[in-house]
Amino acid sequence: MIGTETAQGMVLELQDEMSQYQHQFGVRRNDFLVEAMSYGMSEEEARSYAIQSIGPVVPVAYMPTLAPGKIQPLSPMLAARYRYAGDWKDIDEHLLLPDEVLRIAGTEQFRSWISDMRNYWVESAPYRFGDDRLSLLSVASEEEGHFSMLVWKEPGEEPEVWTYASQHEYRFSHLLHWFKWLNGRSEE
């Protein structure tokens, strides 16, 4: 369990990381445009994907889990995330609000993805934990199964973040380390 002073310091550091992520969009956008066009995408099409959209803060009291009707309380870092921004889209990363979590988690495509992971990806989050201990944090591609999930291992602790992309799994001990990874400074 993280002590109160340590948790407060981590929340302040998380706020800095979120601010850096927001303000370094121009650099990520330019890198994305170069890469997308190198794969044959037209500049116009690449620019249509290279957007940042940050919605207003909305009150969030809890996180819905993948288990219908089951919720998890907001940890200090999750509360800080939702005090910073509402719906947040950044090129291909979409940080979700709870209503979007519920929408995606209820789709047949997502449920199939979770089922496949439970059946075929040993040690994945869905393999190891029940739906009541899993939630969605962000989506990079619903079609390709690129998601970041919150994993509540222990009640009252910060959830871990497990990211799945291109048949790879990346695990972070909490939201602060995930944002550092997004900012190009991975600690895990």
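The values are calculated or read from the model by the stated rules, or taken from the named source; none is laboratory data. A quick note: this is a predicted structure, and the numbers were derived from the prediction, not measured. Here the Cβ positions follow ideal geometry from the backbone for every residue, glycine too, while neighbour counts run over all protein chains shown. In case anyone asks, the SASA skips ligands and DNA or RNA and just uses the protein heavy atoms, side chains included. Shrake-Rupley method; radii C 1.70, N 1.55, O 1.52, S 1.80 Å.
Treating only the Cβ of Lys, Arg, Asp and Glu as charged (+1, +1, -1, -1), what charge dipole size does segment 1-149 show about its Cα centre? Round to the nearest 20 debye.
540 debye
Taking R0 as 25 Å, what's the FRET efficiency between ILE54 and SER173 from their Cβ-Cβ distance, rounded to 0.05?
0.45
For Kirkwood radius over Cα pairs in Å, which listed value, [x] 16.6; [y] 19.2; [z] 17.2, comes from the coordinates shown?
This structure yields the entry labelled [z].
Of the listed peptides 175-181, 35-41, what is their order by residue-averaged count of other C-beta atoms within 10 Å, with the highest listed first?
Top of the packing list down: 175-181, 35-41.
Whole number in Å², please: accessible area per residue of segment 31-157, 1.4 Å probe, ligands, DNA and RNA not counted.
53 Å²
Which ³J(HN,Hα) values, rounded to whole Hz and listed in residue order, are derived for segment 45-61 from phi using the Karplus coefficients 6.51, -1.76 and 1.60 in 6.51 cos²θ - 1.76 cosθ + 1.60 with θ = phi - 60°, glycine and proline given as x?
Values, residue by residue: 5, 4, 5, 5, 8, 8, 10, 10, 9, 10, x, x, 5, 10, x, 10, 9 Hz.
Round to a whole number: what % of the accessible area of segment 74-188 belongs to carbon and sulfur, probe 1.4 Å?
Carbon-and-sulfur percentage of accessible area, whole number: 46.
Does segment 89-188 come out rounded, prolate or oblate, given a ≥ b ≥ c as the square roots of the eigenvalues of its C-alpha gyration tensor, rounded meaning a/c under 1.5 and, failing that, prolate meaning a/b above b/c?
rounded
Express the carbon and sulfur contribution to the solvent-accessible surface of segment 1-53 as a percent, rounded to the nearest whole number, probe 1.4 angstrom.
50 percent
Take every Cα-Cα distance within segment 10-111, group them into 10 Å bins from 0 onward, and report for each bin the whole-number percent of pairs it holds.
Per 10 Å bin, starting at 0, the Cα pair percentages come out as 14, 35, 31, 18, 2.
Quote the charge dipole size of segment 1-62 about the Cα centre in Debye, to the nearest 20; the model charges only the Cβ of Lys and Arg (+1) and of Asp and Glu (-1).
In total the dipole reaches around 140 debye.
I want the local charge near LEU150. Using Cβ-Cβ distances under 14 Å, sum +1 for each Lys or Arg and -1 for each Asp or Glu among the other residues.
-1
Please tell me the relative contact order of the chain in percent, rounded to the nearest whole number, where contacts are Cα pairs under 8 Å and at least six residues apart.
Computed over the chain, the figure is 19 percent.
In whole Hz, with x marking every Gly and Pro, tabulate ³J(HN,Hα) for segment 14-20 from phi via Karplus 6.51 cos²θ - 1.76 cosθ + 1.60, θ = phi - 60°.
Here the 3J(HN,Hα) series is 4, 4, 5, 5, 5, 4, 4 Hz.
Order of 120-132, 139-151, 48-60 by packing, highest average Cβ count within 10 Å first?
Packing order, densest peptide first, comes out as 139-151, 120-132, 48-60.
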